Amino acid sequence: MKKITIISLSAITLIIILIFQFGIQIGNVRIGKQVDLKTKQNTNVEQSKFYATNYSKNELTVLNLWATWCQPCIEEMPLLNEVKSKYSKEKINFISISVDNDSIKLVNFNNKGKFKFKDITIENLKYRNAILNTLENRTPDKWISSYSVPVTYFIKNKKVLKKVEGTIEKKELIDIIEKYK
């Protein structure tokens, strides 16, 4: 009886360790490891949808770098939505890219509709490092180990015209758009 109990406890302990090491997902519930948006990165940013749709265009793109766990990011969303609405008739693209590593959390957050513009994280996932490195004028293959968010980039014709770190103020956002549109 003692032997069966020891074997059972050992098996349960092993299963628990494996779950927390590798994670398990049942529907929208996850137990253990939460990182699933880290993927092998493609360093050729020119192959990304972002490059073709936003970066290489002769239109101003306002790109907001954010995360679901970043309270200042969440707090600035209504301001970004308001300014996007103000410029809705002009050729100005408002997009976001998240530094989150949990796809379920990111998708669920985006489905709430707090951003009134497109989040390009999932469709550009394998290029995320290359995109962020390009925006920071680093080589596309450099590994990024930490992020500061929120950050707002103003992009046009393959060039970052302006970068604002931290929460952006409405007047500053409008002034920059007016300058570069």
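The values are calculated or read from the model by the stated rules, or taken from the named source; none is laboratory data. Note that this is a predicted model, so its numbers are computed, not measured. Cβ: placed from backbone, ideal geometry, glycine included. Neighbour counts: every protein chain shown. All accessible areas refer to the heavy atoms of the entire protein, side chains included, with ligands and DNA or RNA removed. Shrake-Rupley method; radii C 1.70, N 1.55, O 1.52, S 1.80 Å.
Summed over the stretch 144-168, residues that are open to solvent by 90 Å² or more (accessible area, probe 1.4 Å), within 26 Å of D100 (Cβ to Cβ) and touching a residue at least 24 places away in the same chain (Cβ under 8 Å) total 0. The criterion of being touching a Phe, Trp or Tyr at 6+ places or on another chain (Cβ under 8 Å), of a type in the set (K, R), open to solvent by 20 Å² or more (accessible area, probe 1.4 Å) and outside any loop (DSSP other than H, G, I, E, B) does not hold for K126. Considering only residues in the stretch 110-123 that are open to solvent by 70 Å² or more (accessible area, probe 1.4 Å) and in a loop (DSSP other than H, G, I, E, B), the one that is farthest from E82 (Cα to Cα) turns out to be K112. In this structure, is N93 outside any helix (DSSP H, G or I), surrounded by 14 or more Cβ atoms within 10 Å (Cβ to Cβ) and under 17 Å from the mean Cα position of the chain (by Cα)? Yes; evaluated as a whole, the condition is true for this residue. The strands (runs of 3 or more DSSP E) found entirely in the stretch 1-89 that carry 2 or more residues being closer than 30 Å to D175 by Cα, open to solvent by less than 80 Å² (accessible area, probe 1.4 Å) and modelled with pLDDT of 95 or more are 60-66. May I ask you to verify whether D141 is among the acidic types (D, E), at pLDDT below 95, in a loop (DSSP other than H, G, I, E, B) and surrounded by fewer than 18 Cβ atoms within 10 Å (Cβ to Cβ)? Yes; evaluated as a whole, the condition is true for this residue.
Quick one: would you say K162 is in a loop (DSSP other than H, G, I, E, B), in contact with a helix residue (DSSP H, G or I) (Cβ under 6 Å, 6 or more places away or on another chain) and at negative phi? When the stated conditions are applied, K162 does not pass them.
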